[in-house]
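A.B. asks: Once you've had a glance at the structure underneath, I'll fire off some questions.
What follows draws every value from the coordinates through simple rules; no lab data is involved. Quick caveat, the model's predicted, so the values are computed rather than measured. Here Cβ is always computed from backbone atoms with ideal geometry, including for glycine, and neighbour counts include all displayed protein chains.
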Amino acid sequence: MEVLQLFISGISQGCVYGLIALGFVLIYKATEMVNFAQGDIMMLGAYVAITFINIWDWPFYWAFPATVLVMAAVGVVLERVLLRPMIGEPHFAVLMLTIGLGFVLRAAAGAIWGNEPRALQTPYVGEVLRLGEAVIGYENLAIIIGTTVLCFLMWVFFRFTRVGIAMQAASQNQLAAFYVGIPVKRMYSLVWALSAAIAAVAGILTAPVSLVDPLIGFVGIKAFAAAIVGGFGSMPGAIIGGLLIGVVEQFAGLYLPPGFADMSAYVLLLVMLVIRPQGLFATMQKKKV
Amino acid sequence: MGNLLELRNIETYYGPVMAIRGVSMDIPEGKIVSLLGANGAGKTTVLKTISGAMEPQKGSVTYAGQPIQGKDPDWVARRGVAHVPEGREVFPFLSVDENLQMGAFSRSDNKIRQDIDMVYSYFPILKDLTKSQAVNLSGGQQQMLAIGRALMLRPKLMLLDEPSLGLSPRLVQEISKIIQRLNSEQGVTILLVEQNAKMALNVGHYGYVMEVGRIVMEDSCARLQQATDIQEFYLGMKEQGVRGRRRWKQRKTWR
């Protein structure tokens, strides 16, 4: 039963990694930029939710969509103001820009909301579901259900809606997308909105489990490892990679000496890069030059 | 009928390299205009300059009486200029059907289904492949898909870049027939860029010849076919032309 318990908490932690990884992958696939501030955008989402719920006393089920919308808008603004002028610049410059953006967001969050950890008030905190001998906290259950629903929505969006297919088209062949009249630049804004919104969901879901402070964005590094394990550029891969790292971390925490839990994600990453460098779900074809 | 597209003194650069050195062309409405030239003459750059993928440093592109130089390519496409780029640029992981739907992305009318069927009537092979991913199609099928997708825009002007590239002689014939049909049945004005001079001159009404960034000759295609220079350099009709021999010599020295 211990195994089941560990497995479930691993899955719930892994969902958070997976969601952030999804944000990495979305932006990378569409724009070929890696957004290292993805974790910090999640942190910002959590603080926006805290502002709405803890400080302004909004009801949770109102604050949730409001936070997602606000963060989507933040994503658009970031893309328009910071990233769009960088189109055509070297990848390295874009990388530095997003890393710098992460620093700014952490500092700004510390200045606005303070550096001491805060807890997000949710209607479901503290309650548990018993499955045989395993106990699942409602907040963990919320993460798992929320991630599942979100993944389903994303699948529907990319598979069946006109805009979703156009986003795929723009990422598969940017030039051809321009030539058929798809507004590619607007698609980029939309991708940023989407990945910031996903990060916001991840932030709200994880806030009740781990307290919120300006440095929680650093889980982004583990999520980045998850994205690579899944095969950078594959959306299901991002989620699976996240789950894998979440589960491995839990088991390493129990069965291996202390310290290994935090290391395990990167060990898994290294092992993956040696055995299967293209990741679990290698979907990217060789780029034409 | 007037000119659908007019280029006046276009100069386009790749960084410091001047690819087009002052090109002026007229594309009359409802006609097929062929643009010939060897590798590196700047033909593709002319098309990119028209569709907005590249911005000319000097000169003007006038489409339907409106200057369009320097606009974004999606903006130009939404005004009815369909560019079919070289090398079958399809959306590899979308199905044939989705590729065609994307061709009509800028349209909001309810005739899209009907137009997809129209494309299938031009390219019956595609109809059997509606659900397959474009990456799994053969080269010729991808070329047909790219042309079909451009048709979904309901274009007034179609820019075709080397549609015959890498296709078998039979497919080249098929494609050139379809180009003529599109022109006569759909009333699409076509600017055809080709290295296959025989095909381009057979299909076109009017022709331009480019060399290192300049237009060096223009005439009706019928007259171009008779011109001795064209016969010699592009149609290979003169046995052992000056160029041919020179190339032969070079090849010998490689061994």
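A.B. asks: If you take every DSSP beta bridge whose two residues both sit in segment B:3-254, what share of them, in percent to the nearest 5, is antiparallel?
C.D. replies: 55 percent
A.B. asks: Using Cβ contacts closer than 10 Å as the measure, can you line up A:Ile11, A:Ile145, B:Ile50 from fewest to most?
C.D. replies: The most exposed by this proxy come first: A:Ile145, A:Ile11, B:Ile50.
A.B. asks: Of the chymotrypsin sites (Phe, Trp or Tyr not before Pro) in segment A:18-89, which ones lie in a loop per DSSP and count no more than 10 other C-beta atoms within 10 Å?
C.D. replies: A:Trp56
A.B. asks: Hey, another quick one. Ordered by packing density, taken as the mean number of other Cβ atoms within 10 Å over each peptide's residues, highest first, how do A:229-236, B:12-19 rank?
C.D. replies: The most tightly packed comes first, giving A:229-236, B:12-19.
A.B. asks: Per residue of A:168-175, count partner chain C-beta atoms within 10 Å of its C-beta, then hand back the mean as an integer.
C.D. replies: Across the residues of A:168-175, the mean count of other-chain Cβ atoms within 10 Å is 6.
A.B. asks: Can you pull the mean other chain C-beta count within 10 Å for peptide B:65-73?
C.D. replies: Shielding by partners across B:65-73 averages 1.
A.B. asks: What aspartates and glutamates sit close enough to B:Lys31 to cross-link, taking a C-alpha to C-alpha distance under 14 Å and skipping anything fewer than 8 places away on the same chain?
C.D. replies: Correct list for B:Lys31: B:Glu6, B:Glu185, B:Asp219.
A.B. asks: Over all residues in B:100-107, what is the mean tally of Cβ atoms on other chains that come within 10 Å of each residue's Cβ?
C.D. replies: What the average comes to for B:100-107 is 5.
A.B. asks: In addition: Using only Cα atoms and rounding to the nearest 10 degrees, what angle (0 to 90) does helix B:242-254 make with the longest principal axis of chain B?
C.D. replies: With rounding to tens, the tilt is 90 degrees.
A.B. asks: For chain A, take the longest principal axis of its alpha carbons; what is the angle in degrees between that and the long axis of helix A:91-113, to the nearest 10 within 0 to 90?
C.D. replies: Relative to chain A, helix A:91-113 is tipped by roughly 40 degrees.
A.B. asks: Rounded if a/c is under 1.5, else prolate if a/b is larger than b/c, else oblate: which is the protein assembly as shown, with a ≥ b ≥ c the root eigenvalues of its Cα gyration tensor?
C.D. replies: prolate
A.B. asks: Using θ = phi - 60° and the Karplus curve 6.51 cos²θ - 1.76 cosθ + 1.60, what whole-Hz ³J(HN,Hα) does each residue of segment B:111-124 get, with Gly and Pro shown as x?
C.D. replies: Ordered by residue, 3J(HN,Hα) equals 9, 5, 4, 4, 6, 4, 5, 4, 4, 5, 6, 6, 10, x Hz.
A.B. asks: Among the aspartates and glutamates, select those whose C-alpha is under 14 Å from the C-alpha of B:Lys131, and discard any that sit fewer than 8 residues away in the same chain.
C.D. replies: The qualifying aspartates and glutamates are B:Asp97, B:Glu98.
A.B. asks: Cross-link list A:Lys29/B:Lys156; A:Lys185/B:Lys111; A:Lys185/A:Lys222; B:Lys43/B:Lys198: which exceed 23 angstrom alpha carbon to alpha carbon?
C.D. replies: A:Lys29/B:Lys156; A:Lys185/B:Lys111; A:Lys185/A:Lys222
A.B. asks: Hey, another quick one. Spelling out what I want: for every residue of segment B:221-227, take phi, set θ = phi - 60°, compute 6.51 cos²θ - 1.76 cosθ + 1.60 (Karplus), and round to whole Hz; glycine and proline get x.
C.D. replies: Each residue of segment B:221-227 in turn: 4, 4, 6, 4, 4, 8, 5 Hz.
A.B. asks: Then there's this: Which of A:Met272, A:Met42, B:Met152, B:Met118 comes first, and how do the rest follow, when ranked by fewest Cβ neighbours within 10 Å?
C.D. replies: Result, fewest neighbours first: B:Met118, A:Met272, B:Met152, A:Met42.
A.B. asks: Calculate for the protein assembly as shown the 222 nm mean residue ellipticity that helices alone would give, adding -39,500 (n - 2.57) per DSSP H run of length 4 or more and normalising by residue count, nearest 500 deg cm²/dmol.
C.D. replies: Result for the protein assembly as shown, helices only: -17500 deg cm²/dmol.
A.B. asks: Here's a follow-up. Report the chymotrypsin sites (Phe, Trp or Tyr not before Pro) located in segment A:77-174 that are in a DSSP loop and have at most 14 other Cβ atoms inside 10 Å of their Cβ, or state none.
C.D. replies: Sparse-neighbourhood loop chymotrypsin sites (Phe, Trp or Tyr not before Pro): A:Tyr124.
A.B. asks: Quick one: order B:Lys131, B:Lys48, B:Lys198, B:Lys43 by neighbouring beta-carbon count within 10 Å, fewest to most.
C.D. replies: By the 10 Å Cβ count, ascending: B:Lys131, B:Lys198, B:Lys48, B:Lys43.
A.B. asks: Once amide H atoms are built 1.01 Å from N in the peptide plane, which residues 5 or more positions from B:Ile32, or in another chain, come under 5 Å H to H?
C.D. replies: Correct list: B:Ile190, B:His205, B:Tyr206.
A.B. asks: In segment B:1-93, what GluC sites (Glu not before Pro) fall in a loop by DSSP, with at most 14 other Cβ atoms inside 10 Å?
C.D. replies: Passing sites in segment B:1-93 are B:Glu29.
A.B. asks: Another one. Helix A:162-172: angle to the longest alpha-carbon principal axis of chain A, degrees 0 to 90, nearest 10?
C.D. replies: 70 degrees
A.B. asks: Go ahead and run the numbers for FRET between B:Gln57 and A:Tyr124, Cβ-Cβ distance against an R0 of 56 Å, rounding to 0.05.
C.D. replies: The pair B:Gln57/A:Tyr124 has a calculated efficiency of 0.35.
A.B. asks: For segment A:53-171, just say rounded, prolate or oblate: build the C-alpha gyration tensor, square-root its eigenvalues into a ≥ b ≥ c, call rounded for a/c under 1.5, and beyond that prolate if a/b exceeds b/c, oblate if not.
C.D. replies: In terms of gyration-tensor shape, oblate.
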